[in-house]
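Inspection log for the structure reproduced underneath, given as structure tokens.
Each value in this text was obtained by applying a stated rule to the coordinates, not by laboratory testing. Quick caveat: nothing in here was measured; it's all calculated off a predicted structure. Note that each Cβ is placed from the backbone with ideal geometry, even for glycine, and that neighbours are counted across all protein chains shown.
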Amino acid sequence: MKNKFKLALQRSRPISISLSPNVEKDDVLLALNLLIRPWKWKKGKEIKILENEFANYLGVKYAVSFNSGRSALFAILKALELPEKSNIFFQAFTCNASINPALWLKLNPIYVDCNQENFNIDIDDLKKNIQNNPEAKILIIQHTFGTPANMKEILKVAEENNLILIEDCAHALGAQYYGKMLGTFGKAGFFSFSRDKVISCVYGGMAVTNDPSLAKKLLQLQGKFRQPGTFWILQQLLHPILLYFIILPIYIFFNLGKLFLIFTQILHILSKAVSYEEKQGKMPNYFPKALPNALAISALNQFSKLDKFYIHRKKLFDYYLENLKNTDFVLPEVSREYKPSYLRFTIRHPDAHKIIYNAWHGENILLGDWYTTVIAPFDTNLDKMHYKEGSCLNAEILAETTLNLPTHINIKIEDAERIVNFLKQWK
């Protein structure tokens with residue numbers, strides 16, 4: 001009876017992989033503090049402090065902040081002054097947030113397939129696409145789930161074909177390839193601080209470069225974009241507060257927390273991670289913008305916990321790796337060549353979608369669904385993204401067979417044990 005009660009109590013407490021997973025008590029108190037100090041919302045010294053600390057951490061000369069990773073990529077592409085309809089190589093198995101900045105500038109995405117081992121760009125398919133599109137000059141490399149792409153081969157291909165390399169490090173803050181920080185290999189890199197990334201301030205991003213000419217243009221664009229509106233900033237400050245005190249506590253009642261979240265988004269009390277417009281390839285009016293000071297303050301607080309977060313994520317990653325090694329799940333590869341960010345523990349199984357569904361409806365465990373379509377979220381209009389079905393078969397297979405386990409700071413070992421025990425039911 002005692003064990004049954006304990007099991008029932010465990011199942012009543014939700015485990016979530018998203019919903020601003022990095023939010024801790026100090027982040028909530030900081031948001032509350034900022035809520036009553038609106039004079040610090042837009043302008044302040046913390047913006048430049050964050051940029052300087054970020055540049056020093058990566059070992060780059062310039063870091064320029066924006067209100068999202070997609071705004072940072074938009075600024076990089078705009079600063080390169082590309083002609084309309086220029087071809088840009090992206091990998092499939094990604095988010096529309098990566099593709100949209102190119103579409104907003106009327107550029108043309110060319111999709112390269114990924115490999116099934118580490119979810120990153122397939123070098124052979126990249127070479128084939130370069131042969132078919134010799135006029136393309138931009139290559140955007142995504143480090144999927146924080147696992148570094150094969151930069152040795154990629155740099156070689158980029159140099160041989162005179163491609164400008166941009167790194168998508170939205171998942172990869174702190175990750176390294178042969179001891180060198182990701183984001184420092186190409187002409188530029190960009191990072192995201194959105195709600196489910198390595199560090200999070202609900203929205204936020206950074207563009208980095210060692211090129212003084214590019215940095216000058218990025219700073220000019222940062223000034224031109226200006227700050228987002230006061231109400232938008234308020235939405236972001238309310239997010240960790242409502243999440244901590246209302247949304248997560250009532251997730252105990254299964255869909256009630258989700259319904260409350262949707263309700264607040266319909267009323268525009270909180271913002272969505274991805275808007276309807278973005279799913280159609282359109283640009284919302286709050287992009288592109290500079291990073292407001294309030295979110296820079298929140299990001300600095302998260303940045304101070306980067307090492308703590310990393311140690312915790314690696315501990316959980318190692319736990320999953322050890323306890324799922326004799327199951328039917330295909331586990332992530334581990335290499336001595338790189339240091340991942342361990343943002344999520346990504347596994348593969350033929351019944352991935354069914355597992356995600358049963359985990360939530362049967363066990364109150366909300367597992368990750370990055371990505372259930374080749375360009376996420378699932379209801380993204382692929383035609384508007386210029387994606388042709390069947391062009392990236394590995395990405396399409398992975399979209400059907402991939403699920404993610406949480407590694408964030410609010411997941412305890414007993415949570416991981418509960419997840420593992422559930423997964424072991426699947427053969």
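Between K354 and Q176, take the C-beta separation as r, use R0 = 45 Å, and let me know the FRET efficiency to the nearest 0.05.
Numbers: r = 36 Å, r/R0 = 0.80.
FRET efficiency, K354 to Q176: 0.80.
Name the residue farthest towards the positive end of the dipole of the chain from the options T372, G174, N87, assuming +1 on Cβ of Lys and Arg, -1 on Cβ of Asp and Glu, about the Cα centre.
G174
List the residues, sorted by chain then number, that are 5 or more residues from N87 or on another chain and whose placed amide H is less than 5 Å from its amide H.
Amide H to amide H, under 5 Å and 5 or more residues apart or across chains, N87 pairs with N108, K137.
Counting each DSSP H run of 4 or more residues in the chain as -39500 (n - 2.57), what helix-only mean residue ellipticity at 222 nm follows after dividing by all residues, to the nearest 500 deg cm²/dmol? If you can, show how the numbers build up before the last one.
Values: 16 runs with 179 residues, N = 427.
Roughly -13000 deg cm²/dmol at 222 nm, from the helical runs in the chain.
For region 234-307, state which chymotrypsin sites (Phe, Trp or Tyr not before Pro) are in a DSSP loop and have at most 15 other beta carbons lying within 10 Å of their beta carbon.
Working: sites: Y244, F245, Y251, F253, F254, F260, F263, Y276, Y286, F303; in loops: F254, Y286.
Those satisfying the criteria are F254.
Would you mind counting up the charge near A215? Only other residues with Cβ under 13 Å from its Cβ, with Lys and Arg at +1 and Asp and Glu at -1.
Summing Lys/Arg as +1 and Asp/Glu as -1 gives +2.
Please work out the Cα center distance from region 74-88 to region 393-427, rounded to the nearest Å.
37
Taking the Cα-to-Cβ direction at L259 and at Y276 and moving 7 Å from each Cα, how far apart do the two end points lie in nm?
2.1
Need one number: nm distance between label points at K224 and N161, each 7 Å from Cα along Cα→Cβ, rounded to one decimal.
2.9
Calculate the length of the line joining the C-alpha centroid of region 175-242 to that of region 288-321, in whole Å.
13
I'd like the chymotrypsin sites (Phe, Trp or Tyr not before Pro) in region 362-427 restricted to DSSP loop residues with at most 16 other Cβ atoms within 10 Å, sorted by number.
F378, W426
If amide H atoms are built 1.01 Å from N in the plane of the peptide, which residues on other chains or at least 5 residues away come under 5 Å of the amide H of F66?
So F66 has HN proximity to G205, M206, A207, L291.
How many Å³ per residue does the convex hull of the Cα positions in region 305-423 occupy? It would help to have the intermediate numbers written out before the result.
Working: hull volume 16.3 nm³, N = 119.
Once divided by residue count, the hull of region 305-423 is 137 Å³.
Using the Cα centre as the reference, give the magnitude of the dipole from point charges on the C-beta atoms of the chain (Lys, Arg: +1; Asp, Glu: -1; all else neutral), rounded to the nearest 20 debye.
Roughly 1400 debye for the chain.
Once amide H atoms are placed 1.01 Å from N in the peptide plane, what residues at a sequence separation of 5 or more from V112, or on another chain, have their amide H within under 5 Å of its amide H?
Hits under the 5 Å cutoff: F90, Q91, A92.
What are the ³J(HN,Hα) couplings of region 191-205, residue after residue, when phi is run through the Karplus curve with 6.51, -1.76, 1.60 and θ = phi - 60°? Round to Hz, x for glycine and proline.
With the stated coefficients, region 191-205 comes to 10, 10, 10, 6, 5, 10, 9, 4, 10, 9, 10, 6, 9, x, x Hz.
If you count, for each residue, the other Cβ atoms within 10 Å and average over each peptide, how do 193-206, 107-120 line up from highest to lowest?
The most tightly packed comes first, giving 193-206, 107-120.
Using each residue's phi in region 356-367, evaluate 6.51 cos²θ - 1.76 cosθ + 1.60 at θ = phi - 60° and report the 3J(HN,Hα) Karplus result to the nearest Hz, with x for Gly and Pro.
Those phi angles translate into 4, 5, 5, 4, 6, 7, x, 10, 6, 10, 9, 7 Hz.
Return the loop-located GluC sites (Glu not before Pro) in region 354-427 (DSSP other than H, G, I, E, B) with at most 12 other Cβ atoms within 10 Å of their own Cβ; answer none if there are none.
Working: sites: E363, E389, E396, E400, E414, E417; in loops: E389.
Those satisfying the criteria are E389.
Net charge within 15 Å of Q235 by Cβ-Cβ distance, Lys/Arg positive one each and Asp/Glu negative one each, not counting Q235 itself?
Details: positive: K42, R195, K272, K289; negative: none.
Cβ neighbours under 15 Å give a net charge of +4.
Gain in length, E135 to I266, computed as 0.36 nm per residue apart minus the alpha-carbon separation, to one decimal in nm? Show your work: numbers first, answer last.
Working: separation 131, 0.36 × 131 = 47.16 nm, distance 4.38 nm.
Contour length minus the Cα-Cα distance gives 42.8 nm.
Hey, what do the phi angles of region 390-405 turn into as Karplus ³J(HN,Hα) couplings, whole Hz, using 6.51/-1.76/1.60 and θ = phi - 60°, x for Gly and Pro?
Karplus-based 3J(HN,Hα) across region 390-405 equals x, 7, 9, 5, 4, 4, 5, 5, 4, 4, 8, 10, 10, 9, 10, 9 Hz.
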